[in-house]
Amino acid sequence: MSRNKNKKKNSKKMDLKKIEDGIRLVLEGIGEDPERPGLKGTPGRVARMMEDILGGTHIDPAEDLEVFQDERHDEMVLIRNIPLYSICEHHLLPFAGVAHVAYIPKEGRIIGLSKIARLVDTLARRLQVQERLTKQVADILNATLNPLGVMVVIEAEHLCMSMRGIKKPKAITVTSAVRGSFRNNPATRTEAMMLIRGGYPGGRES
Ligand SMILES: [Zn+2]
């Protein structure tokens, strides 16, 4: 529901006509005929697609991060494998992968798990670089929740690496941002990494 609301708000700031005109120029620049049947509808389709996949551009990602008070929670919360699709701002090609987000609540302040996935999604649906995306997720959670610590790890494959330039298909770029106790306490960081990898600290398997 709020995604539709966001989309409406977003479309006011995106100039689809301008995107269409631009894509037509790109097709001409490639040496294609934008009027041939296969390409006739392409500029319009690309413009509408961009409205969707870059739909987080004009949304304040912190706006629906509602914080709850629950004194029973003072241990690490980790969501792993949040699916992520974004667009590299250097090449306008996708990068895709997963985000893992961990935090340790302070004074019982927590946030809905779906809101964390939504935060990743909103920030990913912009022209991005993976390092900045990782940092933004960590900093917004840190500012909103003021937790004991936040850790964000993103693993993604970049098509600008896989299909062009150095051509390294399947290479995964891993970035992390750590704040608070995850930065200061190596044991806490190790515990989070173990949980991200799907095991328990101490070597027991789940
Ligand atoms: Zn790139």
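Separation of the alpha carbons by more than 25 angstrom is noted, of K18/K40; K17/K40; K17/K168, for K17/K168. Here is the list for segment 23-82: GluC sites (Glu not before Pro) lying in DSSP coil, each with at most 14 other C-beta atoms within 10 angstrom of its C-beta, are E32, E35, E63, E66, E71, E75. Computed over every Cα-Cα pair of segment 9-84 and binned at 10 Å starting from 0, the pair-distance distribution P(r) comes out as 15, 29, 21, 16, 11, 6, 1 percent. Across q = 0.15, 0.23 Å⁻¹, segment 101-206 modelled as identical point scatterers on its alpha-carbon atoms has Debye log10 I(q)/I(0) values of -0.72, -1.26, in the order of the q list.
When only Cα pairs below 8 angstrom with a gap of at least 6 residues are kept, segment 83-139 shows a relative contact order of 44 percent.
For segment 63-164, the list of trypsin sites (Lys or Arg not before Pro) that fall in a loop by DSSP and count at most 11 other C-beta atoms within 10 angstrom reads R72, R164. For segment 14-58, the Kirkwood hydrodynamic radius from C-alpha pairs, put into Stokes-Einstein at 4 °C and a viscosity of 1.567 mPa s, yields a diffusion coefficient of 120 µm² per second. Computed 3J(HN,Hα) for segment 80-96, one whole-Hz value per residue from the Karplus formula 6.51 cos²θ - 1.76 cosθ + 1.60 where θ = phi - 60°, is 10, 6, 6, x, 9, 10, 9, 10, 5, 6, 7, 10, 6, 10, x, 10, 9, glycine and proline marked x. For the chain, the relative contact order works out to 18 percent when only alpha carbon pairs closer than 8 Å and six or more residues apart are counted.
Just round it to a whole percent: the fraction of Cα-Cα distances in the chain exceeding 25 Å. Here the long-distance tail beyond 25 Å is 47 percent of all Cα pairs in the chain.
Considering only G180, G97, G41, the Gaussian network model of the chain with Cα springs below 10 Å gives its largest mean-square fluctuation to G41.
Computed from label points 7 Å out along Cα-Cβ, the spacing between L113 and D21 is 4.8 nm.
Read the figures in this text as sums done on the coordinates, not as results from a lab. Because the structure is predicted, anything quoted here is derived from the model rather than measured. Cβ: placed from backbone, ideal geometry, glycine included. Neighbour counts: every protein chain shown.
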